[in-house]
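The block underneath contains the structure these notes are about, expressed in structure tokens.
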Amino acid sequence: MALLHTFKGGVHPLQKIHEGKRYSEHVAIKAAKVPSVLMVPMSQHIGAPCKPVVKKGDTVKMYQLIGEAAGFVSAPIHSPVSGKIKDVKKMMHMSGKEVETIIIENDFKDEIDENVKPYGTIDDLTPEQLKDISLKAGLVGMGGATFPTHVKLSPPKDTHCDTVILNGAECEPFLTADHRLMLEMPELVVKGLYAFKKLLGAERGIIGIEQNKMDAYEVIKKACEPYDGIGVELIKTKYPQGAEKQLIEALTGRQVPSGGLPIAVGIVVSNVGTAATFAQAIETGKPLVERIVTVTGAVNEPSNLLARVGTTFQDMIDQCGGFKGEPVKIISGGPMMGMSIFDPEITTVGKGTSGILVLDKQLANTEKETACIRCGRCATVCPVGLLPLTINAFSIKGMYDKCDEYKAMDCIECGSCSFICPAKRNLAQSIRVAKKQILQIRKNKK
Amino acid sequence: MNLISTSSPHVRTNESVKVIMMDVLIALMPALIWAVYIFGINALLITVVSVLSAVICETAVEAFMKKPITTGDLSAVVTGILVAFNVSPAVPIWMPAIGSAFAILIVKQLFGGIGQNFMNPALGGRAFLLASWPVAMTTWVTTGTASAVSGATPLAIMKGGEAVGQLPSVWNMFIGNIGGCIGEVSALALLIGAAYLLYRGVITWRIPVSFIGTVVVLTLAFGQNPLNHIFAGGLMLGAFFMATDYSSSPITAKGQIIFGIGCGLLTAVIRVFGGYPEGVSYSILLMNVAAPLIDKFTKPRVYGEVAKSV
């Protein structure tokens, strides 16, 4: 077999336990029970939080607009159920900030808003109409980054996108939501890619899938057959294979310039989940109000649940047989880039929640930092070619101008450096701090 | 529920500093066993005293400075063994203890402990001993086994001067049937250890290969037999176990190759033209000092960075 496409650097987390995917990769997607009260924060994407357009006491239909996009880089939010608005108030978000949150009392009727209708078929719709649908459906990158999709689909006039890539790498350990989606709804994924391709006027569409999901590769390959210019490629199982620039290089050999966007090399990348949701929105008019969430780790029945936005983490975990043993950490997303939450009772499933991972004492990293021994492993694994140990040393001393000089801003925050560090240093964390500080310094200079 | 909330990533490799140091210790064992076989139990005694001195000094200085005690990471044990490996089996027993004390107290702890030493602690210790007791440090023994031919080291014989004798065969140099420092004589034993370190990913090929390769090319160019140069003396020990010290060698891939070439260049020049028969330790020490500078000038290209024309 020929060498699989990949990128330089990277790590193999949890390889001995098959990237932790065994827990849930063979568990079919199941609809989660919809709770009686849903909490929908107005910040479910990168960019400006939405403005609530409903108030306490209002009745809402399912799929009705409840949060209006505030600016271009923002995505509207819709009601995941029909019912009554119980309250609109600021609540603690997992980011640690207070965010305007709409609390909806479910009437369990699932009455669909009368404005929601199928848009037609992809072939009948113009690129402009398709883009409009992506905006109206509140689409964001569902791999976890939650970047508003319509922004990605509006490349600058002087650029041309020749290739659309769908990210089916799912390189984060433990997560299997995309895997199950590709396996169970391959047509929807491919149709979404077809729509992206038409919208952008691209010649080619590629779905990249890591080698540890051969079954998904086979079914997607079959689903691609009816379409011209759409295909699937196997890529090496390695973290962070699903990082945008690394995926582009593995599939096309093109390197996105430092500080640049994929469109600079004629490429737009989206997640398989986003594509499937897009296809569904075109066919039925249904906006992004539910998603597949892998609930795994130290829970009794690891599952892939199709959950409505606004369902609490605790509710999701309870539906998976509850905690197995004592939880030490609960993570929204995967173990490498996910965010550890502090209260599963108030944190809810959002558009970007790819997983709910419960770590017990054995799985969680709670070891203390020790001195750097300069072994250079962090530099070897950094997919960007940074010297994490050097930036770390400058960052903890507050020398952020030096961090900038050592290209801290190019860090993709994949966490490979912290993962590999034998001294258990929090390298990625310190670089993240440096990035924030550098941005602030640049802003102040202006 | 008491949840921990930290920045990602939330999983870590099982590898630790202790595991790495343990690997180095394992890799040093073949050479130690050979040393005991050829020099007798005295070699082991010197090693034990050296290790004890290193560990005691590290514990004491950290306790004195009210810093966390880090002897558990085994790095002081490695330093102790390496100091012992760098002395003649004929030295008085207190000498390696002083060498280790210097290595730990002055070279390592005074500059901030593990990862902060600007030069290889064991080589610093050796240089200190060599400067303080030059005669004892260069008095070699007739080795313990009958097959050993001469007390003088092959490099000293090659250099001529006061040491006279017949140069041992390349085979005897390779397996270590020669005079020299405790840990340096058997290229074979050191290569077995080196292979283990490479397999475990503790070291990479860059420094040792560029180091040894440069010595081969240059000694050949200077009209000498390169085999004598790579199997005799401390080149194997230096290239695989000393020059690869994390703290005192460059981080970048390019920098490591430059570092290795620099070590090889200095070694060949000292051996062929210099006043000393051996140049491995001084060349590594000199390059140690240059390592931060090399790192500075070999910053790796960042992903997607457009190459600047120089």
Quick one: what pairs do we get from region A:121-136, first residue of a type in the set (D, E, K, R), second in a helix (DSSP H, G or I), C-beta under 7 Å, 6+ apart or different chains?
-> A:K131/A:H150; A:K131/A:L199
Can you find a residue in region B:257-265 that is closer than 16 Å to B:T153 by Cβ, buried (at least 23 other Cβ atoms within 10 Å of the Cβ) and of a type outside the set (D, E, K, R)?
-> no
Starting from region A:255-274, keep only residues that are farther than 19 Å from A:C411 by Cα, then list their pairs with residues that are aromatic (F, W, Y) whose Cβ atoms are within a distance under 8 Å, requiring at least 6 positions of separation or different chains.
-> A:V268/A:F196; A:S270/A:F196
Inside region A:58-102, can you point out the residues that are open to solvent by less than 60 Å² (accessible area, probe 1.4 Å), part of a strand (DSSP E or B) and among the hydroxyl-bearing types (S, T, Y)?
-> A:T101
Of the residues in region A:395-409, those that are open to solvent by 30 Å² or more (accessible area, probe 1.4 Å) and either assigned to a helix (DSSP H, G or I) or facing another protein chain (nearest Cβ under 10 Å) (or both) number 9
Looking across region A:319-349 at residues that are crowded, with 23+ Cβ neighbours inside 10 Å and among the small types (G, A, S), the single one that is nearest to A:I396 (Cα to Cα) is A:G338
Which residue pairs have Cβ atoms under 7 Å apart, sit 6 or more places apart or on different chains, and have a first residue in region B:288-304 that is more than 7 Å from chain A (Cβ to nearest Cβ) and a second that is open to solvent by 90 Å² or more (accessible area, probe 1.4 Å)?
-> B:T298/B:K254
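Can you report the number of residues in region B:229-277 which are within 13 Å of chain A (Cβ to nearest Cβ) and over 26 Å from B:A189 (Cβ atoms)?
Within region B:229-277, the first condition is being within 13 Å of chain A (Cβ to nearest Cβ), and the residues that meet it are B:244-256, B:259.
Narrowing the set further to residues that are over 26 Å from B:A189 (Cβ atoms) leaves B:250-255.
Summing the residues that are within 13 Å of chain A (Cβ to nearest Cβ) and over 26 Å from B:A189 (Cβ atoms) in region B:229-277 gives 6.
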How many residues, within region A:186-218, are open to solvent by 20 Å² or more (accessible area, probe 1.4 Å), under 15 Å from A:E170 (Cβ atoms) and in contact (Cβ under 8 Å) with a residue 24 or more places away in the chain?
-> 3
What is the one condition in (1) in contact with an Asp or Glu (Cβ under 7 Å, 6 or more places away or on another chain); (2) aliphatic (A, V, I, L, M); (3) within 12 Å of chain A (Cβ to nearest Cβ) that B:A76 does not satisfy?
-> (3)
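Taking the condition under 22 Å from B:T298 (Cβ atoms), without any contact (Cβ under 8 Å) to a residue 60 or more places away in the chain and hydrophobic (A, V, I, L, M, F, W, C), does B:I207 pass? Quick ask: steps written out before the conclusion?
Details: under 22 Å from B:T298 (Cβ atoms): yes; without any contact (Cβ under 8 Å) to a residue 60 or more places away in the chain: yes; hydrophobic (A, V, I, L, M, F, W, C): yes.
Yes, satisfied.
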Which condition number in (1) of a type outside the set (V, I, T); (2) surrounded by fewer than 22 Cβ atoms within 10 Å (Cβ to Cβ); (3) farther than 30 Å from A:Q319 by Cβ; (4) in contact with a Pro (Cβ under 7 Å, 6 or more places away or on another chain) is the one that A:D360 fails?
-> (3)
Output the number of residues of region A:252-283 satisfying the condition of being over 18 Å from A:L130 (Cβ atoms) and either in a strand (DSSP E or B) or open to solvent by 20 Å² or more (accessible area, probe 1.4 Å) (or both).
-> 12
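If you check B:T13, B:T59, B:T70, which single one turns out to be open to solvent by 40 Å² or more (accessible area, probe 1.4 Å), within 11 Å of chain A (Cβ to nearest Cβ) and β-branched (V, I, T)?
Numbers: B:T13 fails: open to solvent by 40 Å² or more (accessible area, probe 1.4 Å); B:T59 fails: within 11 Å of chain A (Cβ to nearest Cβ).
Going through B:T13, B:T59, B:T70 in turn, just one is open to solvent by 40 Å² or more (accessible area, probe 1.4 Å), within 11 Å of chain A (Cβ to nearest Cβ) and β-branched (V, I, T): B:T70.
Consider A:A371 carefully, then state whether it is more than 23 Å from the chain's Cα centre (by Cα), buried (at least 23 other Cβ atoms within 10 Å of the Cβ) and at the interface with chain B (Cβ under 7 Å from one of its Cβ atoms). Give the derivation first.
Values: more than 23 Å from the chain's Cα centre (by Cα): yes; buried (at least 23 other Cβ atoms within 10 Å of the Cβ): no; at the interface with chain B (Cβ under 7 Å from one of its Cβ atoms): yes.
Considered against the rule, which asks whether it is more than 23 Å from the chain's Cα centre (by Cα), buried (at least 23 other Cβ atoms within 10 Å of the Cβ) and at the interface with chain B (Cβ under 7 Å from one of its Cβ atoms), A:A371 comes out as no.
The values are calculated or read from the model by the stated rules, or taken from the named source; none is laboratory data. What you see is a predicted model, and the numbers here were worked out from it, not measured in a lab. For neighbour counting, all protein chains shown are included, and Cβ atoms are generated from backbone atoms with ideal geometry for every residue, glycine included. Side chains are part of the model used for accessible areas, which takes the heavy atoms of the whole protein and leaves out ligands, DNA and RNA. Shrake-Rupley method; radii C 1.70, N 1.55, O 1.52, S 1.80 Å.
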